[in-house]
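Each value in this text was obtained by applying a stated rule to the coordinates, not by laboratory testing. These numbers come from a predicted model, not from an experiment. Here Cβ is always computed from backbone atoms with ideal geometry, including for glycine, and neighbour counts include all displayed protein chains.
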Amino acid sequence: MRVSVLGFGCSPLGDEFGPIDEREAERAVHRAISLGINYFDVAPYYGRTLAEQRLGRILEGRRRRVLIATKAGRYGRKAPEGFDFSAERMRTSVEDSLRRLRTDVVDVLQVHDVEFGETERIIDETVPALEQLKREGKVRAVGITGYPLRNLRRIAEATDVDVVLSYCHYNLLNRRMDEVLTPLAREEGIGLINASPLFMGMLSEEEAPDWHPAPPAARNAAARARAICSDAGVRLPEVALHFATRHPDVSTTLVGMGQTRFVEENVGALGLHVDPGLVTAVEGALKPALGVEWVVGRPENNDREAQAAASAA
Ligand code: NAD
């Protein structure tokens, strides 16, 4: 698969960052395709199926021009009721996604947020169920997504996944993906997907949403970085994307977008010249929060760095 450097993150299509204007989202998707973005990342979880429904409708007639990546296993915010990693659910989940996405094949199917499952079960039951769907031609590639890096690496080492999606671990606030996951992806030829280059909105122009798990120190550092950029006549998201998208081992960087102007600005950031002095100043402002981590999912699936940060907080 040939994927665009920038991938379209569809969680905003599920109103995950607040309600969006559906007509504007449609224009944003069409503009993205016309600017060369061909990778669309969605999930049944985003807006509890709303994002898949909207994407399916918007892409009607354009399906062959794009790659659709969706997920299975996560359906709600809370554990355990919001999750089902059983082999049976993998099958019914992809059937439901295919219907909502108005297509007969998913390009990439990923186990969604593996840290909420029992790791041995993900390895022995969930990923093999996806591999079976691949053999049947319902999906073209399979993968896993999640936050704790060592857990992602452990599953990737024990299975034959084609892609691994990691989020909030390679951006201006945290670069630990390179310590844990990048070497394996390089050695094994696994497609490495870096999501949330704006740290789930924290490095955007607005305040991060209330549900954001990062501590206040990160919010404050981002506000200082935003002010530095604004004084220099540049926008912080442009600097953040410029940084993240130059990683040589990342196949695609997923940024969440629901507005045409963000699509245009983010594609523009790929070719932007950013003054190195400004980058140094922004990095300086973010330094007090550099490496920020949190605990997600089952405690035993989290990296010791996140556990240490959580107990210090
Ligand atoms: P992100 O870091 O991409 O930030 C998205 C936020 O930034 C949204 O509020 C968006 O409106 C805003 N934004 C985007 N471009 C902007 C610009 N130019 N100026 C100002 N604001 C801008 O976070 P994300 O959406 O969480 O991550 C990207 C995508 O990656 C998701 O949509 C999803 O598809 C995927 N993802 C997957 C997982 C997973 O599978 N576990 C986790 C996180 C993200």
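General remarks:
- For segment 40-157, relative contact order (Cα pairs under 8 Å, six or more residues apart, normalised by length) works out to 24 percent.
- Segment 91-242: relative contact order as a whole-number percent, Cα under 8 Å and 6+ apart: 16 percent
- Among 153, 48, 99, the residue with the largest mean-square fluctuation in a Gaussian network model of the chain, with springs joining Cα atoms closer than 10 Å, is 99.
- Going by neighbour counts of Cβ atoms within 10 Å, the residues 247, 30 line up, fewest first, as 30, 247.
- Choice from 225, 79, 141 with maximal GNM fluctuation in the chain (Cα, 10 Å cutoff): 79
- Per-residue Cβ neighbour rank within 10 angstrom, fewest leading, 265, 52, 206: 206, 265, 52
- Leading residue at positive end of dipole, the chain (Cβ point charges), from 72, 247, 59: 59
- Stokes-Einstein diffusion for segment 95-195, with the hydrodynamic radius set to the Kirkwood value over Cα pairs and evaluated at 37 °C in a medium of 0.692 mPa s, equals 235 µm²/s.
- Among 231, 15, 104, the residue with the largest mean-square fluctuation in a Gaussian network model of the chain, with springs joining Cα atoms closer than 10 Å, is 231.
- Normalised contact order of the chain, rounded percent, pairs of Cα under 8 Å and 6 or more residues apart: 19 percent
- Gyration tensor over the Cα atoms of the chain: the corresponding equivalent ellipsoid has semi-axes (square roots of 5 times the eigenvalues, largest first) of 29, 24, 17 Å.
- Sparse packing (at most 14 other Cβ atoms within 10 Å of the Cβ) combined with a DSSP loop state is found for the following chymotrypsin sites (Phe, Trp or Tyr not before Pro) in segment 189-267: 211.
- Ordering 168, 229, 10 by the number of other Cβ atoms within 10 Å of each residue's own Cβ, fewest first, gives 229, 168, 10.
- Segment 7-23 - phi-based ³J(HN,Hα) in whole Hz, Karplus 6.51/-1.76/1.60, Gly and Pro as x: x, 8, x, 9, 4, x, 5, x, 6, 5, 10, x, x, 10, 7, 4, 5
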